[in-house]
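The values are calculated or read from the model by the stated rules, or taken from the named source; none is laboratory data. Quick caveat, the model's predicted, so the values are computed rather than measured. Here the Cβ positions follow ideal geometry from the backbone for every residue, glycine too, while neighbour counts run over all protein chains shown. In case anyone asks, the SASA skips ligands and DNA or RNA and just uses the protein heavy atoms, side chains included. Shrake-Rupley method; radii C 1.70, N 1.55, O 1.52, S 1.80 Å.
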Amino acid sequence: MTVIRSLRTTRLDAALALAFVAVGLVQVVVKPIAEPALGVVYVVGSMLPLAWRRTRPVESALVSSAFWLIPLDGYPVLGFVVVILQFFALGSWGAPRSAVVLVTLWSSASSVVGTLIGPEPPIAAVGAALVIVAPVLAGRLVRHQRQQSEALADLAAQLREEQRRVEDVAGHAERARIAQELHDVVGHEVTLIAIQAEAAASALRASPERAAEPVEAIRTTAHRTLAEIRGVLDLLAPDGDTGGATSDGLSDLAQRAAQAGITNSLDVTGRPWPGNAPAVLAVNRIVRECLTNAGRHAPGTPVDVRVAWGPHHVEIRSTNPTVARNGVVPGRGLTGIRHRAELLGGTFRAGVREGRFDVEVSLPATASVGDR
């Protein structure tokens with residue numbers, strides 16, 4: 001599009017220059033401004049460079065002004081129009097600035113000299129200089145405004161691109177958050193189903209009539225999992241319902257885990273803070289993940305969970321025996337716990353100490369997802 005516009009501009013300038021040259025030549029024939037040969041040279045040399053006023057502004061202005069030193073007995077009718085157009089283009093499109101200044105000085109001197117050796121009175125030399133300088137200054141002003149407009153357009157494009165990138169990052173973060181929520185919701189229940197399925201399989205082999213209880217537990221857990229998935233969008237809302245994440249909910253959670261074969265003890269002191277749904281929900285999710293991790297990675301070992309609600313902080317600690325001796329490689333579960341703690345302005349620590357795997361989380365009472 002820019003190339004097409006440039007071609008159109010070049011054709012327009014060429015047509016304009018030829019029109020001025022034609023009018024000038026007619027004037028030279030009808031009312032000579034110098035000897036015929038000199039008149040033709042002056043008209044063609046000073047007006048034809050107008051065809052390159054925007055593609056070669058410095059060179060065309062320099063060539064055009066060089067012919068002003070030819071002595072004349074008059075002046076072309078459209079000469080001043082040509083000068084204004086030529087030097088406005090020099091100011092608007094000429095570069096570098098030093099070349100524009102030098103050509104302006106040269107052209108002003110040529111105009112003054114040409115006026116002094118012509119038929120005009122000496123005072124006309126002042127106007128001859130102004131007719132050069134004024135269009136150049138006007139052109140520089142237009143150039144400055146054009147550059148500012150282009151800079152603003154570039155800035156707007158950059159801002160749009162940055163906004164798109166921010167939206168992409170936010171979208172990725174939200175998808176990661178939803179994936180973590182689904183992991184927290186489904187992972188625990190699926191672990192329970194897996195444990196119950198193993199119990200049912202063992203019962204079927206040893207005593208089929210005893211398989212009814214674990215099979216019923218699988219059915220109940222599956223229905224509960226579907227309900228959890230349907231409610232995951234509500235649980236994602238920062239100011240939404242807590243989803244039953246109270247102390248009583250923690251007791252039910254521990255009881256279900258125990259029924260599924262994850263031996264645990266739950267000690268809850270204090271009461272949840274009213275009106276702080278994100279923190280209460282986070283405690284529920286963290287306890288659930290601790291039980292799930294213990295059932296998955298240390299089956300058959302008892303898990304001790306302690307939740308202490310204080311006036312300024314809530315402390316969650318989960319510990320269970322482990323044979324691991326090296327550093328813990330965090331999976332999605334521990335990563336989710338850490339992200340929850342950081343999101344609410346809390347702290348997270350997990351590691352093996354004296355043969356036990358400890359997870360410790362502390363959340364401040366003033367934390368809220370909406371505040372961060």
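Taking residue 114, is it at pLDDT 85 or above and of a type outside the set (Phe, Trp, Tyr)? Outline the logic, then answer.
Details: at pLDDT 85 or above: no; of a type outside the set (Phe, Trp, Tyr): yes.
Considered against the rule, which asks whether it is at pLDDT 85 or above and of a type outside the set (Phe, Trp, Tyr), residue 114 comes out as no.
Quick one: residue 274 ticks every box in (1) more than 37 Å from the chain's Cα centre (by Cα); (2) surrounded by 22 or more Cβ atoms within 10 Å (Cβ to Cβ); (3) outside any strand (DSSP E or B) except a single one, so which number is it?
Here residue 274 meets the rest and fails (2).
Just give me the residues in the stretch 14-27 being over 14 Å from residue 60 (Cβ atoms) and touching a residue at least 24 places away in the same chain (Cβ under 8 Å), in sequence order.
Of everything in the stretch 14-27, those that are over 14 Å from residue 60 (Cβ atoms) and touching a residue at least 24 places away in the same chain (Cβ under 8 Å) turn out to be 18, 23, 24, 27.
Return a yes/no flag: does the stretch 310-328 have any residue that is open to solvent by less than 40 Å² (accessible area, probe 1.4 Å), modelled with pLDDT of 80 or more and part of a helix (DSSP H, G or I).
No, the stretch 310-328 contains no residue that is open to solvent by less than 40 Å² (accessible area, probe 1.4 Å), modelled with pLDDT of 80 or more and part of a helix (DSSP H, G or I).
Would you check which residues across the stretch 105-133 are touching a residue at least 40 places away in the same chain (Cβ under 8 Å) and among the small types (Gly, Ala, Ser) and list them?
Passing the criteria: 107, 110, 111, 114, 118.
So that you can scan it fast, the table gives a plain yes or no per residue for (1) without any contact (Cβ under 8 Å) to a residue 24 or more places away in the chain; (2) under 16 Å from residue 14 (Cα atoms):
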{"position": "37", "(1), (2)": "yes, no"}
{"position": "44", "(1), (2)": "yes, yes"}
{"position": "60", "(1), (2)": "no, yes"}
{"position": "70", "(1), (2)": "no, no"}
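Out of all the residues in the stretch 346-365, which are open to solvent by 40 Å² or more (accessible area, probe 1.4 Å) and touching a residue at least 24 places away in the same chain (Cβ under 8 Å)?
352, 356, 360
Go through the stretch 304-318 and give me each residue that's in contact with a strand residue (DSSP E or B) (Cβ under 8 Å, 6 or more places away or on another chain) and either within 19 Å of residue 345 (Cβ to Cβ) or not hydroxyl-bearing (Ser, Thr, Tyr) (or both).
304, 305, 306, 307, 308, 309, 312, 313, 314, 315, 316, 317, listed by residue number.
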